[in-house]
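The values are calculated or read from the model by the stated rules, or taken from the named source; none is laboratory data. Small disclaimer: the values here were computed from a predicted structure and weren't measured. All Cβ positions, even for glycine, are placed from backbone atoms using ideal geometry, and neighbour counts span all protein chains on display. Remember, those area values only see protein heavy atoms, side chains included, never the ligands or the DNA or RNA. Shrake-Rupley method; radii C 1.70, N 1.55, O 1.52, S 1.80 Å.
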Amino acid sequence: MGKDLEKFKQRLSLLDYLRQQNWVARPSGHGHEFVGLCPLHQETRPSFYVNARKNLFYCHGCGQGGDLLRFVQLSRHLSFHQSLAYLEQQSAPPTDPADVLEQAATFYQQQLDRYPEALCYLKQRGLHDPALIRELRIGYAPGGSLRRHLTAQGYSLDLLQRLGLLNAQGHDAFYRRVVFPCSLGGRIINLYGRSIAAAFAHRFLPGSKGGLYSWEQVQHCPEVILVEGLFDYAVLWQAGFRHVTCSLGTHLNACQFQQLCDHPRTIYLTFDVDANGSGQQASQRLAHRLQALGIATRRVLLPAGQDPNSFFAQGGDARQFRSLLEAAQP
């Protein structure tokens, strides 16, 4: 409790709090000190001093002094625990899930360049353009550090667990994963963690994965390339194919399907050519659904056992992929 309390006090500025309460002060001429009329008793000459660096106050008129917690106790006539609860409520960050996911995504981005194994994994997957990596906001979750980062900003463990960022034991849910943020309407609604170790499954956070990935950039294109995975999307974008979107799996939700049907266009279905045929079976089913609504489709046939990501990672180039698009069949 002692260490947590000190961190809590350090996070809250006494001077900012007083100014929010309309306290008027001027510099006292002593570096970080400010002086004004005392909010705790009536006076006509300023005698209430605040040291912004030490986060402490003292009034030479009434003799009261201390930190922000003590000031709240005196000014609001609250007990220690009541004052602590009051300040926690006042300082709590917004609990909009998108805001929390934004904080998490930014943190993961900052980690990427610090872990060579994550950058090596991206190169192995054929993703080597630093500008694109920044644009897609790709990050890395080493595990064990997100909880500390977000709780230091005031987010509760309960909130982080409800969003799936922490597991039931309170540990980071993503461990050794490359992380892609998924947005809808400019707001992050989910995070996708791609494991760099075979022992860990790839996963989204709980909740909706939203619409088609980066749909806003291609929704007015007369031709759209649809792929399954985010690495498929990334390598195609890197190769210069800007009319590409991703369904985040072969099963489209209602929102994603409606997006494909909202305008006359041709959809190039570029799903994986799996050994068991599941990708192509899903592609055929989707083609029939789209065609029934008047949407033109073309099924792109990659070499056996490949997906767009492996096609480029194993040496394929933009010219060869363009030839596959031209050979695509209805």
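Residue-normalised convex hull volume from the C-alpha trace of segment 208-315: 90 Å³ per residue. Dipole size of segment 161-319 about its Cα centre, with +1 on Lys/Arg Cβ and -1 on Asp/Glu Cβ: approximately 240 debye, rounded to the nearest 20.
Placing +1 on the Cβ of every Lys and Arg and -1 on the Cβ of every Asp and Glu, with nothing else charged, gives the chain a dipole about its Cα centre of roughly 440 debye.
Under 5 Å from the amide H of Thr297 lie the amide H atoms of Ile267, each residue being 5 or more positions distant or on a separate chain, with H modelled from the backbone and absent for Pro and chain starts.
On the chain, 50 percent of the accessible area sits on carbon and sulfur atoms, based on a 1.4 Å probe. Given the choices [x] 15.9; [y] 17.4; [z] 22.2, mean projected area of the Cα convex hull in nm² derived from the coordinates of this structure is entry [z]. Can you tell me the orientation of helix 80-91 relative to the chain, as the angle in degrees between its alpha-carbon axis and the longest Cα principal axis, to the nearest 10? The angle comes out at about 40 degrees.
Computed from backbone phi with θ = phi - 60° and the Karplus coefficients 6.51, -1.76 and 1.60, the 3J(HN,Hα) list for segment 178-188 is 6, 10, 10, x, 10, 10, 9, x, x, 10, 5 Hz; x is used for glycine and proline. The Cβ shell under 13 Å around Arg265 holds other residues with a net charge of -1, Lys and Arg each +1, Asp and Glu each -1. Shape verdict for segment 26-91, please, from the Cα gyration tensor: rounded (a/c under 1.5), prolate (a/b greater than b/c) or oblate. Oblate, since a/c reaches 1.5 and b/c is not below a/b.
Summary of the geometry: segment 280-330 and segment 25-65, compared by the centres of their Cα atoms, lie 71 Å apart.
Rounded to the nearest 10 degrees, the angle from helix 2-11 to the longest Cα principal axis of the chain is 80 degrees. Out of every Cα-Cα pair that segment 42-171 contains, those further apart than 19 angstrom amount to 66 percent. Take the alpha carbon atoms of segment 180-258, find their center, do the same for segment 96-145, and report the distance between the two centers in whole angstrom. Their Cα centres are 16 Å away from one another.
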